[in-house]
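The values are calculated or read from the model by the stated rules, or taken from the named source; none is laboratory data. Just so it is clear, the structure is predicted and the values come from calculations on it, not from any experiment. All Cβ positions, even for glycine, are placed from backbone atoms using ideal geometry, and neighbour counts span all protein chains on display.
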Amino acid sequence: MHKAETLAGVVVLAIGALLLNEARKLPYLLEEVPGPGFLPLWISFGILIAGTLVVLNALRGRSVKPIEWPSGWGIRQVSVLLGALAIALLLLQTLGFFITTAAFMLVVIYSLGVRSWLTLVIAPVAAAGVLYLVFAVWLGVPLPPGVFGGE
Amino acid sequence: MDLITNLGIGFSVAFAPINLLFVTAGVIIGTLIGALPGIGPVSGLSILIPLAFGMEPTAAMILMCGVYYGCMYGGTITSVLLNVPGESASLMTCLDGYAMAQQGRAGPALTIAAIGSFVAGTFSIVLLTVLSPPLADAALSFGPPEYFALMLLGLSAISGLTGDSKAKGYAMCFIGLGMATVGLDPIGGIPRFTFGNLELMDGIGFLPIAVGMFGLGTVLAMVDNKTEMKIMNTSLREMVISRKDMSDSAWPIARGTVIGFVIGVLPGAGATIASFLSYALEKRLSKTPERFGTGMIEGVASPESANNASAVGSMIPLLTLGIPGSTTTAVMLGVLTLFSLQPGPLLFTKNPEFVWGLIASMYIGNFMLLVLNIAFVPAFVAVLRVPYRILAPLIAIFCMVGVFSVNNSIQDLWIMLAFGAIGYLANRMSYPLAPLVLGLVLGGYLEVSLRQSIKMSQGDLTVFFTRPIAGTIMVIAIVIILWPLLSRMLGRSGRDRSVASESA
């Protein structure tokens, strides 16, 4: 658990260092008044200090709550959901809203353990339907038609 | 009296059919969100942001507020029936509420929770009505130094007082502030950290971040474990409570209301802390403290009143000062900024229909919730039977379509996805999200007040301390920041209360 905590702390430090580096390129003072680089610089110091404290705590093994990592099954579900969402994102405008929504639902609920044929068919369609009602009908938002061209 | 006129305007706005529709929708959705374990008001509001975007600002705020205090009612349902808190402010209710349910007294528990919530909510709204105008007036004399000090107080309170690790809290706060600096510099107009990306000129985008972190992040937390839930049956007849129950609960409700309201008003402390403290107080004041946890109705009445009172209380700093009193109100502030509505004293003078319409609709909403939570509990329980396997992906895709519908931007979706993963990891590793959100939302205002203050004082940094109001607030903020050091020096063993800051 210390490894993960330390790594996270290092990430924080990295963010701070990145901000510091970029902030230094901006003018600190403009006509004797703080300029655009002023606050980002101090913020980066704040991040670095906090990050150092986090890393120190992690190295000394002083974490208040041990991290509970999910089971293998859990990790798989999280990955499936994120992965499916990423693919949906990429294909949203090509395949269109309806197919993307339905496909996403199908993939994820199957991964989560749904095996009933009825649910596997109804849930994706119902989900796409509900979303259509909310966004296209109620809010009047144009949704990508994709392969259905002009829905 | 001015107050009556204002309330009159408010009620005429609140009773407009569209606003009535939205307050009804808001409280129902809020109750459902509160009841569903794993989703709290912060996640629920974040998921709804894309919807709010398509609505008129007053209606949107009425909806969101309805969801907020609705959650405080709804969280009770699963606490009592399942021993699972619907959201963290209902945690204390599990103790005695579930015990009562096991004794066949689920009905009275739910009923007293609804009554307590209604009393606390309504009383707090009255206080909101009465206190806001003078507070807003006083705030009109606030200048940039006062605002800077207030924001510093809010940020330090959220970072230093909630969550397990203060270092992590501050780290998240500073990161949020850093993220707020992306985009055009508010005073000079120079692009910062945009790396040539046109979409970043407006800033990273509160909407995809909020929906990602709180909406998607919550969904990921839902799917990573296999917990099933068994719901106890409740029949409507059992919802009647005895006179003894009422009289036993009277003082706890009163005390819970006061504690909840005061804590709600304080920046940084929210419903969760309010419910903890009021429960602890009841236990201490009781003649039979050892029976707490076995089904004492006081143990339900008090925290339930406190969490509702604090929800309303946290609206006060938001509306009068523009400083959020809790994470949920921080999200609301983010949304109001999207609408180009600046909460604060000017809101009362420039948009009175908005403010008073909102306040009036809170009275209406609370009343609706009283009725809903006593008469329609079985309906809500039925909705809880929808398995997570269906609900989780539904929410995820809802978030995605929602974010896309706002700007038609695939980049927004990537940001949402990234922050979903980040939010999930942050939760697992005890990095509190509240300070990040607050930093992100307040960052812009903070910078403007800082730079304006220094410009006003022509480089003199003591301006923050020489002005009386600013000075007082700055001192309090500094005490909060240095508190861990101070308490260690004073020899106290820092007993870290692991308070869930997410749904505060």
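Any residue at all in segment A:121-140 that's more than 7 Å from chain B (Cβ to nearest Cβ), over 30 Å from B:Glu56 (Cβ atoms) and of a type outside the set (A, V, I, L, M, F, W, C)?
Yes, there is a match, as at least one residue in segment A:121-140 is more than 7 Å from chain B (Cβ to nearest Cβ), over 30 Å from B:Glu56 (Cβ atoms) and of a type outside the set (A, V, I, L, M, F, W, C).
Which pairs have Cβ atoms under 9 Å, sit 6 or more apart or on different chains, and link a residue in segment A:76-96 that is at positive phi to one that is among the β-branched types (Val, Ile, Thr)?
A:Gly96/A:Val147
Among the candidates B:Ala418, B:Ala434, B:Ala426, B:Ala396, which residue alone is surrounded by 22 or more Cβ atoms within 10 Å (Cβ to Cβ) and within 12 Å of another protein chain (Cβ to nearest Cβ)? Steps first, please.
Values: B:Ala418 fails: surrounded by 22 or more Cβ atoms within 10 Å (Cβ to Cβ); B:Ala434 fails: within 12 Å of another protein chain (Cβ to nearest Cβ); B:Ala426 fails: surrounded by 22 or more Cβ atoms within 10 Å (Cβ to Cβ).
Among B:Ala418, B:Ala434, B:Ala426, B:Ala396, only B:Ala396 is surrounded by 22 or more Cβ atoms within 10 Å (Cβ to Cβ) and within 12 Å of another protein chain (Cβ to nearest Cβ).
Being touching a Gly at 6+ places or on another chain (Cβ under 8 Å), part of a loop (DSSP other than H, G, I, E, B) and under 30 Å from B:Glu87 (Cβ atoms) is the filter here, so list the residues in segment B:184-215 that pass it.
B:Gly203, B:Ile204
Tell me, yes or no, whether segment A:59-67 has at least one residue that is assigned to a helix (DSSP H, G or I) and either modelled with pLDDT under 85 or under 30 Å from B:Asp460 (Cβ atoms) (or both).
yes
Among the residues of segment B:424-442, which ones are over 19 Å from B:Ile39 (Cα atoms) and more than 15 Å from the chain's Cα centre (by Cα)?
B:Gly439, B:Leu440, B:Leu442, listed by residue number.
Identify, by number, the condition in (1) within 8 Å of chain B (Cβ to nearest Cβ); (2) surrounded by fewer than 16 Cβ atoms within 10 Å (Cβ to Cβ); (3) farther than 30 Å from B:Gly169 by Cβ that A:Ser71 doesn't meet.
For A:Ser71, the failing item is (3).
Listed here are the residues, each with its yes/no results for (1) touching a Ser or Thr at 6+ places or on another chain (Cβ under 9 Å); (2) within 7 Å of chain B (Cβ to nearest Cβ); (3) of a type in the set (S, T, N, Q); (4) outside any helix (DSSP H, G or I).
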| position | (1), (2), (3), (4) |
| --- | --- |
| A:Thr6 | no, no, yes, no |
| A:Val10 | no, no, no, no |
| A:Leu13 | yes, no, no, no |
| A:Leu18 | yes, no, no, no |
| A:Pro36 | yes, yes, no, yes |
| A:Ile43 | yes, yes, no, no |
| A:Val54 | yes, yes, no, no |
| A:Gln77 | yes, yes, yes, no |
| A:Ile99 | no, no, no, no |
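Across segment A:101-114, which residue is nearest to A:Tyr132 (Cα to Cα) among those that are more than 7 Å from chain B (Cβ to nearest Cβ) and not small (Gly, Ala, Ser)?
A:Leu106
Among B:Leu461, B:Leu450, which is the only one that is in contact with a Phe, Trp or Tyr (Cβ under 6 Å, 6 or more places away or on another chain) and of a type outside the set (Ser, Thr, Tyr)?
After ruling out the rest, the residue left standing is B:Leu450.
Considering only residues that are more than 20 Å from the chain's Cα centre (by Cα) and at the interface with another protein chain (Cβ under 8 Å from one of its Cβ atoms), look in segment B:188-222 and name the one that is modelled with the lowest pLDDT.
Looking at residues that are more than 20 Å from the chain's Cα centre (by Cα) and at the interface with another protein chain (Cβ under 8 Å from one of its Cβ atoms), I get B:Gly188.
Does A:Trp117 fit the bill of being surrounded by fewer than 15 Cβ atoms within 10 Å (Cβ to Cβ), of a type outside the set (Gly, Ala, Ser) and within 10 Å of chain B (Cβ to nearest Cβ)?
no
Could you please find all residues in segment A:20-39 being under 26 Å from B:Met429 (Cβ atoms) and touching a Phe, Trp or Tyr at 6+ places or on another chain (Cβ under 8 Å)?
Step one: filter segment A:20-39 for residues under 26 Å from B:Met429 (Cβ atoms), giving A:20-22.
Once the filter is applied, which keeps residues that are under 26 Å from B:Met429 (Cβ atoms) and touching a Phe, Trp or Tyr at 6+ places or on another chain (Cβ under 8 Å), segment A:20-39 yields A:Leu20, A:Glu22.
Being more than 25 Å from the chain's Cα centre (by Cα) and within 7 Å of another protein chain (Cβ to nearest Cβ) narrows it down to one residue among A:Leu26, A:Leu59; which is it?
None of the others qualify; the one that does is A:Leu26.
Residue by residue through segment B:65-96, note down the ones that are more than 23 Å from the chain's Cα centre (by Cα), buried (at least 24 other Cβ atoms within 10 Å of the Cβ) and not charged (D, E, K, R).
B:Leu81 - this is the single residue of segment B:65-96 that is more than 23 Å from the chain's Cα centre (by Cα), buried (at least 24 other Cβ atoms within 10 Å of the Cβ) and not charged (D, E, K, R).
Would you list the helices (runs of 4 or more DSSP H) that sit entirely within segment B:228-321 and hold 2 or more residues that are at pLDDT 90 or above, under 11 Å from B:Gly116 (Cβ atoms) and of a type in the set (Ser, Thr, Tyr)?
Once the helices (runs of 4 or more DSSP H) in segment B:228-321 are filtered for at least 2 residues that are at pLDDT 90 or above, under 11 Å from B:Gly116 (Cβ atoms) and of a type in the set (Ser, Thr, Tyr), what remains is B:298-313.
Listed here are the residues, each with its yes/no results for (1) in contact with a Gly (Cβ under 7 Å, 6 or more places away or on another chain); (2) buried (at least 16 other Cβ atoms within 10 Å of the Cβ); (3) outside the structural domain of A:Ala8 (by TED's automatic domain parsing).
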{"residue": "A:Gly35", "(1), (2), (3)": "yes, yes, no"}
{"residue": "A:Leu39", "(1), (2), (3)": "no, yes, no"}
{"residue": "A:Ala88", "(1), (2), (3)": "no, yes, yes"}
{"residue": "A:Leu92", "(1), (2), (3)": "no, yes, yes"}
{"residue": "A:Thr101", "(1), (2), (3)": "no, yes, yes"}
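In segment B:453-468, is there at least one residue being assigned to a helix (DSSP H, G or I), within 30 Å of A:Ala4 (Cβ to Cβ), within 11 Å of chain A (Cβ to nearest Cβ) and touching a residue at least 60 places away in the same chain (Cβ under 8 Å)? So that I can check it myself, show each step before the final result.
Going through segment B:453-468, the residues assigned to a helix (DSSP H, G or I) turn out to be B:453-456, B:463-466, B:468.
Those still in the list that are within 30 Å of A:Ala4 (Cβ to Cβ) too: none.
No: zero hits.
Exactly one of (1) in a helix (DSSP H, G or I); (2) under 16 Å from the mean Cα position of the chain (by Cα); (3) surrounded by fewer than 24 Cβ atoms within 10 Å (Cβ to Cβ) is unmet by B:Ala99. Its number?
So B:Ala99 meets the others, but not (2).
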